[in-house]
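Quick notes on the structure that follows.
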Amino acid sequence: MNSKMNSKPVFQTRENERGAHLSDYQPLLALLAVSALAALAASLPEPFSGMVWMHYFMGFFLCIFAMLKLFHPKAFANGFEMYDLLAKRFRGYAYVYPYIELGLGLAYLSFTAPYLTYVLTIIVLSFGAAGVLSALRKGLDINCPCMGTVLDVPLSTVTLTEDLGMAAMALMLILMRSGVI
């Protein structure tokens, strides 16, 4: 029997054109647009507030991402442990992560414990960004499990920007709520 059939998949080096075109990220762009529009719709009954819009945006975004991961938890865990620093050491974290994301999303949507929600978002997404950065430095060519197995988007600087952008939004919400900005 062929030994390649029995072995685990190995990382591949990134193909030159993979992730180089905007069309490679169409699913992510659609998710961003839906989250932004849903946040706008939810925040419209009152006069527009950037802070309220950001709460809704992050809530919808995180809930949708969690849902995509929960469609196929085992497949998500398999992909996530390829690059996430904690999931590499403790596979259980890969199964818990979608629920962490869902909990954060629901906390944003309900405006529950805002400072705790912001701090946890910064910790979780900054830590995730470290794993993405490590994988990118190695030139690994893997699908980003952040969109679950439903959507095919390569792990790339876009993934890194997404993690760091969400952490930055949480930091901005801390500063806004504290009256600094």
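Here are some conditions: (1) free of Cβ contacts under 8 Å to residues at least 12 places away in the same chain; (2) not in a helix (DSSP H, G or I). Residue 116 meets all but one. Which one does it not meet?
Residue 116 satisfies all of (1) free of Cβ contacts under 8 Å to residues at least 12 places away in the same chain; (2) not in a helix (DSSP H, G or I) except (2).
What pairs come out if I take residues in the stretch 53-67 that are in a helix (DSSP H, G or I) and pair them with residues that are of a type in the set (D, E, K, R) whose C-beta lies under 6 Å away, six or more apart or interchain?
Once the first residue is in a helix (DSSP H, G or I) and sits in the stretch 53-67, its partners that are of a type in the set (D, E, K, R) give 62/101; 65/101; 66/101.
Might you let me know whether the stretch 138-150 holds any residue that is surrounded by 15 or more Cβ atoms within 10 Å (Cβ to Cβ) and at positive phi?
Checked against the condition, which is being surrounded by 15 or more Cβ atoms within 10 Å (Cβ to Cβ) and at positive phi, the stretch 138-150 yields at least one hit.
Given the structure, is residue 117 within 15 Å of the chain's Cα centre (by Cα) and either surrounded by 18 or more Cβ atoms within 10 Å (Cβ to Cβ) or at pLDDT 95 or above (or both)?
It is false that residue 117 is within 15 Å of the chain's Cα centre (by Cα) and either surrounded by 18 or more Cβ atoms within 10 Å (Cβ to Cβ) or at pLDDT 95 or above (or both).
How many residues are free of Cβ contacts under 8 Å to residues at least 60 places away in the same chain and either within 24 Å of residue 152 (Cβ to Cβ) or touching a helix residue (DSSP H, G or I) at 6+ places or on another chain (Cβ under 8 Å) (or both) if we restrict to the stretch 79-106?
19
Please enumerate the residues belonging to the stretch 21-56 that are surrounded by 15 or more Cβ atoms within 10 Å (Cβ to Cβ) and either of a type in the set (Gly, Ala, Ser) or in contact with a Gly (Cβ under 9 Å, 6 or more places away or on another chain) (or both).
Once the filter is applied, which keeps residues that are surrounded by 15 or more Cβ atoms within 10 Å (Cβ to Cβ) and either of a type in the set (Gly, Ala, Ser) or in contact with a Gly (Cβ under 9 Å, 6 or more places away or on another chain) (or both), the stretch 21-56 yields 25, 35, 36, 38, 39, 42, 43.
Has the stretch 141-162 got at least one residue that is of a type outside the set (Gly, Ala, Ser), touching a Pro at 6+ places or on another chain (Cβ under 8 Å), assigned to a helix (DSSP H, G or I) and farther than 16 Å from residue 57 by Cβ?
Yes; the residues of the stretch 141-162 include at least one that is of a type outside the set (Gly, Ala, Ser), touching a Pro at 6+ places or on another chain (Cβ under 8 Å), assigned to a helix (DSSP H, G or I) and farther than 16 Å from residue 57 by Cβ.
Look at the stretch 84-106 and say how many of its residues are surrounded by fewer than 23 Cβ atoms within 10 Å (Cβ to Cβ), more than 11 Å from residue 128 (Cβ to Cβ) and among the hydrophobic types (A, V, I, L, M, F, W, C).
So the count comes out to 4.
How about the stretch 81-121: which of its residues are of a type in the set (Val, Ile, Thr) and within 21 Å of residue 144 (Cβ to Cβ)?
Of everything in the stretch 81-121, those that are of a type in the set (Val, Ile, Thr) and within 21 Å of residue 144 (Cβ to Cβ) turn out to be 96, 100, 121.
Scan the stretch 123-140 for residues that are hydrophobic (A, V, I, L, M, F, W, C), over 11 Å from the mean Cα position of the chain (by Cα) and part of a helix (DSSP H, G or I) and report the count.
6
Considering 68, 28, 22, which residue is at pLDDT below 90 and touching a Cys at 6+ places or on another chain (Cβ under 9 Å)?
Being at pLDDT below 90 and touching a Cys at 6+ places or on another chain (Cβ under 9 Å) holds for just one of 68, 28, 22, which is 28.
The values are calculated or read from the model by the stated rules, or taken from the named source; none is laboratory data. None of these values were measured; they are calculated from a predicted model. Glycine also receives a Cβ, built like all others from the backbone with ideal geometry; neighbour counts cover every protein chain displayed.
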